[in-house]
Amino acid sequence: MIVSRGFRGRRRDGPPDRVPPGQYLTDDFPVLSAGPTPHTPLDEWTFTIHGVDEPKGWTWEELQALPRETVTVDIHCVTRWSKLDTVWEGVSVDRLLEEVEHDAAYALAFCDGGYTTNLPVEDLTGGKAWVAYSYGGEPLDPEHGGPARLLVPHLYFWKSAKWVRGLTLRDEDEPGFWETNGYHLRGDPWLEQRYWGD
Amino acid sequence: MSAVKAETPRVRTLELEVPNWAGHRAGQHLDVRLTAEDGYQAERSYSIASAPGEGVAITVERLGDGEVSPYLVDEAREGDRVEVRGPIGGYFVWDGDDLQPVLLVGGGSGVVPLAAMARQRAQVGSTAPMKLLVSSRTIEDVIYRDELDALAGNGFGFEVVHTLTRSQPPGWTGYSRRIDPGLLADVAWPAPESPRVYVCGSTRFVDAAADGLLQLGYDARWIRTERFGATG
Ligand SMILES: Cc1cc2nc3c(=O)[nH]c(=O)nc-3n(C[C@H](O)[C@H](O)[C@H](O)COP(=O)(O)OP(=O)(O)OC[C@H]3O[C@@H](n4cnc5c(N)ncnc54)[C@H](O)[C@@H]3O)c2cc1C
């Protein structure tokens, strides 16, 4: 350990069982994205599951008609901020996957703007992931991924793909956008899986 | 830390001597980890300011009530040791190996990775046309001003355009407002040239610049962004 002479730190580190190693708490909602913010009109928006014999799609209205869940979760960005007790509304990914026949082990989420991220199906099921369209009781802002983003709060937040438009189910794991550009394949914040080699 | 240099009243460049540094690409960042006596640690990301092959330097802007940046800007001095991890990132990078025109748009300390690209251009003798649009609050806040003006002054297809958003010195001939579509239309390469674009700064700055470029007919896929957070 290298001590930095004269460094004390501010120690806003919060409850240790809720703030993963190397993270600090913020009340803001910082933004991480690789390009401009897309603005897709709702009447052109769909969410589709590919990689199955019979792909399944939902329009915006059809998605809204599915059972809506409200969840309060902590989120952790790889750029080191964490935010506690964020409130989201959306449809659970379990509910969406019920409507396709599949035995895939992996999924690649795809988005407006060409962004992708890969996840094991295990990380998307069992009440751990949602397609979220509201944040803090308001429609989700475009800069935070609206109209809808994936919400997978137990992994670093880049896995919660903004502007999500669907999932491609796969037998093999294929690195997505950040995962091809130096970031970890799975991204568990409690294991500090930030970058390649972690 | 092998050298420190004041850039502006709020910004300092730190040169780091990193054993076994694997080399980096212009635009990448590294993570700095500070450790207090009792083991408490804080870690933040900083863009690498130097061009590949130049050694490692970062340029840090002090945020008033920040945890790490005030330490790096005010407290750290030559000979101090910090832990760094990197280089990181493979998307917000420019290697200088093609001739596509390049537009760099930086707000405040967002100019740091862009300056690495401008230095890289000079290092490798690239002839790709490159324009750097820098938005700063006042003339004193312009980071790397002399160096960038010198790079632009030698007339090899690199141009710097400044806008000062808060106050301007007497006789100022540059722009005097926040970046908007009109200003971008003046400065940016025409869309048919399909330039490579790198935009860096605070979230609000990046969104304003990127949205403005889309209005000019730029394709979203040409525009790479790096958001520093609340900075500026
Ligand atoms: C990829 C990447 C590259 C980066 N490169 C650079 C770089 O080259 N140079 C650089 O200086 N920074 C860079 N940053 C930002 C840097 O990582 C830190 O976020 C920054 O230095 C602030 O850290 P801090 O510990 O001082 O502040 P923190 O303790 O993290 O405080 C930040 C928080 O305080 C608030 N805050 C504090 N002061 C202010 C203020 N003056 N204005 C607005 N909000 C404020 C913010 O809202 C925020 O919540 C980069 C960030 C990323 C993600």
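The values are calculated or read from the model by the stated rules, or taken from the named source; none is laboratory data. Computed from a predicted structure; not experimentally measured. Counting neighbours? That spans all protein chains shown, and the Cβs are built from the backbone with ideal geometry, glycine included. These area figures cover heavy atoms from the full protein model, side chains too; ligands, DNA and RNA do not enter into them. Shrake-Rupley method; radii C 1.70, N 1.55, O 1.52, S 1.80 Å.
Considering segment A:119-149, the residues that are crowded, with 23+ Cβ neighbours inside 10 Å and free of Cβ contacts under 8 Å to residues at least 40 places away in the same chain include one that is nearest to A:Thr40 (Cα to Cα), namely A:Gly145.
Entry remark, segment A:183-198: residues being within 12 Å of another protein chain (Cβ to nearest Cβ) and in contact (Cβ under 8 Å) with a residue 40 or more places away in the chain number 3 in total. Note on segment A:164-182: among residues that are within 12 Å of another protein chain (Cβ to nearest Cβ) and open to solvent by 20 Å² or more (accessible area, probe 1.4 Å), the one that is nearest to A:Gly126 (Cα to Cα) is A:Pro175.
Of the residues making up segment B:24-38, those that are closer than 19 Å to A:Val3 by Cα, more than 10 Å from the ligand (Cβ to nearest atom) and more than 7 Å from every other protein chain (Cβ to nearest Cβ) are B:Arg33, B:Asp38. Note on segment A:26-48: residues that are within 11 Å of the ligand (Cβ to nearest atom) and open to solvent by 40 Å² or more (accessible area, probe 1.4 Å) total 3. The set of residues from segment A:155-174 being touching a helix residue (DSSP H, G or I) at 6+ places or on another chain (Cβ under 8 Å) and of a type outside the set (D, E, K, R) comprises A:Leu155, A:Tyr156, A:Trp158, A:Trp163, A:Leu167, A:Leu169.
Restricting attention to segment A:62-80, the residues that are open to solvent by 10 Å² or more (accessible area, probe 1.4 Å) and modelled with pLDDT under 95 total 1. Taken as a whole, the structure places A:Thr116 among residues that are crowded, with 16+ Cβ neighbours inside 10 Å, β-branched (Val, Ile, Thr) and away from the ligand (no atom under 16 Å from the Cβ). Within segment B:68-87, if we keep just the residues that are within 8 Å of the ligand (Cβ to nearest atom) and among the aliphatic types (A, V, I, L, M), the residue that is surrounded by the most Cβ atoms within 10 Å (Cβ to Cβ) turns out to be B:Leu72. I need every pair where a residue in segment B:62-79 that is in contact (Cβ under 8 Å) with a residue 24 or more places away in the chain and more than 10 Å from chain A (Cβ to nearest Cβ) has its Cβ under 7 Å from the Cβ of a residue that is within 7 Å of the ligand (Cβ to nearest atom) and among the hydroxyl-bearing types (Ser, Thr, Tyr), sequence separation at least 6 or different chains. Final answer for the pair search is B:Arg62/B:Ser69; B:Leu63/B:Ser69; B:Leu63/B:Thr231. Is it true that A:Val71 is more than 10 Å from chain B (Cβ to nearest Cβ) and within 21 Å of A:Pro153 (Cα to Cα)? Considered against the rule, which asks whether it is more than 10 Å from chain B (Cβ to nearest Cβ) and within 21 Å of A:Pro153 (Cα to Cα), A:Val71 comes out as yes.
Set side by side, the residues A:Val152, A:Val164 differ, and just one is of a type in the set (Val, Ile, Thr) and without any contact (Cβ under 8 Å) to a residue 60 or more places away in the chain, which is A:Val152. Among the residues of segment B:39-56, just one is more than 14 Å from every other protein chain (Cβ to nearest Cβ) and either within 10 Å of the ligand (Cβ to nearest atom) or farther than 20 Å from B:Lys5 by Cα (or both), namely B:Ala49.
Out of the residues in segment A:13-42 meeting the condition of being under 27 Å from A:Asp94 (Cβ atoms) and away from chain B (no Cβ under 13 Å), tell me which one is modelled with the lowest pLDDT. Taking the candidates together, the pick is A:Asp17. Select from segment B:8-30 the residues that are open to solvent by 40 Å² or more (accessible area, probe 1.4 Å) and within 20 Å of B:Tyr144 (Cα to Cα) and list them in ascending order. The answer is B:Pro9, B:Arg10, B:Glu15, B:Arg25.
Out of segment B:196-228, which residues are in contact with an Asp or Glu (Cβ under 8 Å, 6 or more places away or on another chain), at the interface with another protein chain (Cβ under 10 Å from one of its Cβ atoms) and within 16 Å of the ligand (Cβ to nearest atom)? Scanning segment B:196-228 gives B:Val199, B:Thr203, B:Val206, B:Asp207. Among the conditions (1) modelled with pLDDT of 95 or more; (2) outside any loop (DSSP other than H, G, I, E, B), B:Gln123 misses just one, which is (1).
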